[in-house]
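Just so you know, all these numbers are worked out from the coordinates, no wet-lab data involved. Everything quoted here is computed from the prediction, not taken from an experiment. Please note: Cβ atoms are built from the backbone with ideal geometry, for glycine as well, and neighbour counts cover all protein chains shown.
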Amino acid sequence: MGAVSTFLEQSPHAHPEELVHLSEEQQEAVLEVIGLAVYADGVAAVEELELMLDLVREIPAFAHYTDHQLDGLLNRALDRLRDITNPDKADAEYAELSKRLSSQDLREAAFGLAAVICLADGIVVHPERDVLKRLIIAFGLDKARVVEIVQEARAFVVE
């Protein structure tokens with residue numbers, strides 16, 4: 001069992017069952033959330049890209065994909081990040097991302113994955129905080145829930 005699946009199974013707020021059966025649209029949305037966290041500071045280090053790939057491989061909905069298929073899905077999702085990071089389109093794109101993650105549990109699971117990535121190096125830089133804040137607003141997450149998810153992600157990263 002990998003690190004992400006351990007986090008998903010141990011976190012009562014990560015909703016691992018929400019990451020088993022996803023439509024293609026939901027899969028792309030989850031990948032975009034992960035990509036937003038990886039590219040929050042405008043560049044992705046090799047380590048961050050490897051973490052992203054490891055993370056995606058452990059999400060049950062992606063288990064049946066070959067590496068080639070995953071690369072294609074990731075590339076499509078990362079291409080969409082151009083619109084999300086465009087200041088003129090960001091609010092609408094975050095709202096659309098939230099809509100494609102069709103349940104609150106799925107939004108919370110995706111936010112938890114983003115939090116794990118942002119916390120992975122132990123320092124959450126300003127652009128990462130901005131991405132997390134935009135996700136919180138777009139996903140309609142309440143403060144208490146966010147605190148619980150971030151605490152679980154932080155505890156997981158420290159282990």
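Is there a quick way to get the dipole size of the stretch 3-158? I mean about its Cα centre, with the Cβ of Lys and Arg at +1 and of Asp and Glu at -1; what is the value in debye to the nearest 20? Walk me through the intermediate numbers first.
Working: 14 positive and 29 negative charges, 85 e Å.
So the dipole magnitude of the stretch 3-158 works out to roughly 400 debye.
Just report the Cα centroid separation between the stretch 69-93 and the stretch 95-125, whole Å.
15 Å
Measuring from label point to label point, each 7 Å out along Cα→Cβ, what is the Glu25 to Leu49 span in nm?
Distance between label points: 3.1 nm.
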